[in-house]
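Peer 1: Shown below is the structure under consideration.
The values are calculated or read from the model by the stated rules, or taken from the named source; none is laboratory data. It should be emphasised that the depicted structure is a prediction, and the values quoted were computed from it without experimental measurement. Glycine gets a Cβ as well: all are built from the backbone with ideal geometry, and neighbour counts include every protein chain shown.
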Amino acid sequence: MKLLAWGTLAGLSGTLVYWLNVHWHRIPVGGGLIVVGIPGALALTGFLELLTGHPFMSLASKWDQLAGWQRGVLGMLVVALAFAAAACGLVLFG
């Protein structure tokens, strides 16, 4: 829960600082993606821990114990869901 809160807070503050220094019509690239990406990764890690109720390292060890084909199928499912979420975001806010 702490990781989710700190990641979200850092992400929001980093995003705010970045967007205050850049014009509103530009897309973040380079350093701007780092400012948004690292805290976002921390927030997603905390959200995953909150969602599953397990620490991230135990989830990583459970992932490593899966068979190769299982990791492939679940990985492709995660990628497909990420593309679907991005497409929905583009449709709703684009």
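Peer 1: Within segment 72-94, work out how many residues are of a type outside the set (A, V, I, L, M, F, W, C) and under 19 Å from the mean Cα position of the chain (by Cα).
Peer 2: Total meeting the criteria: 2.
Peer 1: How many residues are surrounded by 11 or more Cβ atoms within 10 Å (Cβ to Cβ) and either among the acidic types (Asp, Glu) or not in a loop (DSSP other than H, G, I, E, B) (or both) if we restrict to segment 62-86?
Peer 2: 8
Peer 1: Could you count how many residues in segment 1-44 are touching a Ser or Thr at 6+ places or on another chain (Cβ under 8 Å), farther than 20 Å from residue 55 by Cα and modelled with pLDDT of 70 or more?
Peer 2: Qualifying residue count, segment 1-44: 0.
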